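The values are calculated or read from the model by the stated rules, or taken from the named source; none is laboratory data. Note that the coordinates shown come from a computational prediction; the quantities given were computed from them, not determined experimentally. Cβ sites come from the backbone with ideal geometry, for glycine too, and all protein chains shown count toward neighbours.
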Ligand SMILES: *Cc1c(COP(=O)(O)O)cnc(C)c1O
């Protein structure tokens, strides 16, 4: 007699042993910039989870877009899975092609430069101004006038012969770039301006929220930005054709209708409903976040006014600075140590800081392009330190940061000496 076949192993046999929860690393006692999540955010996400509308087709995504557009004062907003994705799509809808060149500041987080490379174009690094640390509008106008040549209606770089097809200014640290002269210079040669406002949501340029003036604007909702969705971004424009095309390209270029027909190669770049739920709760607190960050900046500015060798980032009188990160220039010859030494010292006290970004013309990621020198951005990189700037930072925590920075120049033991 045959033995009955052995019973197949139950599915449970394949179940993995219970995973031990990875220990959460202890955060620094004063982080440089942590998100501010309140009960409203938790509720919004829980409700979204319960509704089942968690994916990119969630109606919450369209609602978040509508509210964001209203808040900034633009006609169209398209939510994306990251700020980098928004920049990539902005360059695509602006028609930037392989072999083109796009002007971008040398001092920036790398995302806009990578986005330029994603479309096969090349960055032209423009130096920043020494006062507000933003892309220098005079350098933009100078480059377009003296380093380029208009031939048969096409603007070309005199040195490389490549077409110049856009300007991509970035609002560094939450201070708006001086956009009007850049728009004028770009307008004279007929190329669009795409603003990277990833760090400046809530800022104003000449009394208007950033995002209203450029041909397109990109934002980020990364965890450390002014408001967050964990990760995410937004593309805004007043151009209905660009908005429609951005929506199309971010949804795999799927044609309308029930069938899966894709008109061209697109991207899976949409924000999810879960993130949109979080985003809407955060958007309601945007003004409060910016006010909190500006109060932090003001306290640093007042404290450092009395310390030699520390200079706080200035704000133009035409700017309402969002103060995403409070940043100070450390002059080692006067203050007594450079920004790297200060950062190491503060770290021993549990105070987290961060430098600016390595200038793009020095970045191993883009060095092959034989970029132009940008001395001002190099000096800023060597001198500037970003200080704790979280929305939820308490006054006593900020006092600890200020005292630590002050005590180095005036140690308590010396203060008491005759
Ligand atoms: C954060 C940031 C971005 C976008 O970052 P994501 O992480 O992709 O959302 C783009 N540009 C600048 C200047 C940024 O600071």
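List of remarks:
- Check on residue 82, surrounded by fewer than 24 Cβ atoms within 10 Å (Cβ to Cβ) and within 14 Å of the ligand (Cβ to nearest atom): yes
- Failed condition for residue 327, given (1) surrounded by 16 or more Cβ atoms within 10 Å (Cβ to Cβ); (2) free of Cβ contacts under 8 Å to residues at least 60 places away in the same chain; (3) outside any helix (DSSP H, G or I): (2)
- Members of segment 118-136 that are closer than 16 Å to residue 376 by Cα, more than 13 Å from the ligand (Cβ to nearest atom) and assigned to a strand (DSSP E or B): 124, 125, 126
- Check on residue 394, at pLDDT 95 or above, out of contact with any strand residue (DSSP E or B) (no Cβ under 8 Å at 6 or more places or on another chain) and crowded, with 16+ Cβ neighbours inside 10 Å: no
- Residue in segment 96-117 that is farther than 17 Å from residue 368 by Cα, away from the ligand (no atom under 16 Å from the Cβ) and in contact (Cβ under 8 Å) with a residue 40 or more places away in the chain present: yes
- If you go through segment 358-384 and keep only what is out of contact with any helix residue (DSSP H, G or I) (no Cβ under 7 Å at 6 or more places or on another chain) and closer than 21 Å to residue 293 by Cβ, you end up with just 380.
- Residue count for segment 128-138, restricted to those that are surrounded by fewer than 24 Cβ atoms within 10 Å (Cβ to Cβ) and over 18 Å from the mean Cα position of the chain (by Cα): 5
- Just one of the listed residues (186, 198, 166) is buried (at least 21 other Cβ atoms within 10 Å of the Cβ), under 18 Å from residue 237 (Cβ atoms) and either away from the ligand (no atom under 16 Å from the Cβ) or without any contact (Cβ under 8 Å) to a residue 24 or more places away in the chain (or both), and it is 186.
- Across segment 105-126, the number of residues qualifying as out of contact with any strand residue (DSSP E or B) (no Cβ under 8 Å at 6 or more places or on another chain) and either over 21 Å from residue 173 (Cα atoms) or buried (at least 24 other Cβ atoms within 10 Å of the Cβ) (or both) comes to 4.
- Checking each residue in segment 209-220 for being farther than 20 Å from residue 321 by Cβ and within 16 Å of the ligand (Cβ to nearest atom) picks out only 216.
- Number of positions in segment 85-104 that are buried (at least 24 other Cβ atoms within 10 Å of the Cβ) and part of a helix (DSSP H, G or I): 8
- Hits in segment 228-242 - residues which are surrounded by 19 or more Cβ atoms within 10 Å (Cβ to Cβ) and more than 11 Å from the ligand (Cβ to nearest atom): 235, 236, 237, 242
Okay, residues lined up against (1) more than 21 Å from residue 84 (Cβ to Cβ); (2) more than 16 Å from the ligand (Cβ to nearest atom):
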site	(1), (2)
179	yes, no
207	yes, yes
226	no, no
244	yes, yes
